[in-house]
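Engineer: Below: one structure in structure tokens.
The values are calculated or read from the model by the stated rules, or taken from the named source; none is laboratory data. These figures come from a predicted structure and were not determined experimentally. When we count neighbours, we look across all protein chains shown, and the Cβ atoms used for this are built from the backbone with ideal geometry, even at glycine. Areas reflect the complete protein model, heavy atoms only, side chains present, ligands, DNA and RNA absent. Shrake-Rupley method; radii C 1.70, N 1.55, O 1.52, S 1.80 Å.
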Amino acid sequence: MIVFQDLITGDELFTDAYDYKIKDDFFYEVEGKIVTVSKGAGDINIGANPSAEGGDDEGVDDSANTESGCNIVLGSKLQPTQFDKKSYQQYIKDYMKAIKAKITEKDGPEAADAFAKKAQTSVKEILGNFKNFEFFLGESQNPDGHVALLDYREDGITPYMLFFKDGIRAEKY
């Protein structure tokens, strides 16, 4: 299994269990599904007889023990966050600067300059569709880390997420 982790925080963002592709040589585009999962252990039978105790099983709401959402978000414990356009622009400027520094350190200034050119085009695309996105941090909720973008296909039902390729490291387990 390959786990894709935030380069800055180490948070797990997604795994190769999901269908993904590289988009524009800048993003991982990961296909999701809307799912409902159990939040906990559910009902625990302690041996009591509710009818003998005067209790009643009817009217129990099982939805309190379930959670619905995008499987990528739920599986990687991504945490929702919010931005207005101005605050996202400040975040993305700082984040791209941090990623560029890591690329310079690892691969040299030429690679960092190529990244910066791709970043400019891709960030313009994000800002042009800003109202369509939901934003998610990794489990640690570190605001300096990767913010994943969630959008829906044209059908309005199928979720997909975008992750900045250069802000991720892949670890094989």
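Engineer: Only residues in the range 23-35 that are hydroxyl-bearing (S, T, Y) count as the first member; pair them with residues that are surrounded by fewer than 15 Cβ atoms within 10 Å (Cβ to Cβ), Cβ under 9 angstrom, at least 6 apart or cross-chain, and list the lot.
Structural biologist: Y28/K21; Y28/I22
Engineer: Restricting to the range 128-147, name every residue that is outside any strand (DSSP E or B) and open to solvent by 40 Å² or more (accessible area, probe 1.4 Å).
Structural biologist: Once the filter is applied, which keeps residues that are outside any strand (DSSP E or B) and open to solvent by 40 Å² or more (accessible area, probe 1.4 Å), the range 128-147 yields G128, N129, K131, N132, E139, S140, Q141, N142, P143, D144.
Table: residues versus (1) in a helix (DSSP H, G or I); (2) surrounded by 13 or more Cβ atoms within 10 Å (Cβ to Cβ).
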{"residue": "K117", "(1), (2)": "yes, no"}
{"residue": "I126", "(1), (2)": "yes, yes"}
{"residue": "L149", "(1), (2)": "no, yes"}
{"residue": "L162", "(1), (2)": "no, yes"}
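Engineer: Shifting gears a bit: Go through K33, K93, K106 for me and flag whichever is of a type in the set (K, R) and either more than 18 Å from L162 (Cβ to Cβ) or modelled with pLDDT under 90 (or both).
Structural biologist: None of the others qualify; the one that does is K106.
Engineer: Cβ-Cβ below 6 Å, separation at least six or inter-chain, first residue in the range 125-153 and in contact (Cβ under 8 Å) with a residue 60 or more places away in the chain, second open to solvent by 60 Å² or more (accessible area, probe 1.4 Å) and among the charged types (D, E, K, R): which pairs?
Structural biologist: E139/K77; L150/E134
Engineer: Search the range 18-38 for residues being more than 14 Å from the chain's Cα centre (by Cα) and hydrophobic (A, V, I, L, M, F, W, C), and hand back the single one that is surrounded by the most Cβ atoms within 10 Å (Cβ to Cβ).
Structural biologist: Here the answer is F26.
Engineer: Right, something else. Somewhere in the range 127-134, is a residue over 20 Å from N71 (Cβ atoms) and polar (S, T, N, Q)?
Structural biologist: The answer is yes, given that some residue of the range 127-134 is over 20 Å from N71 (Cβ atoms) and polar (S, T, N, Q).
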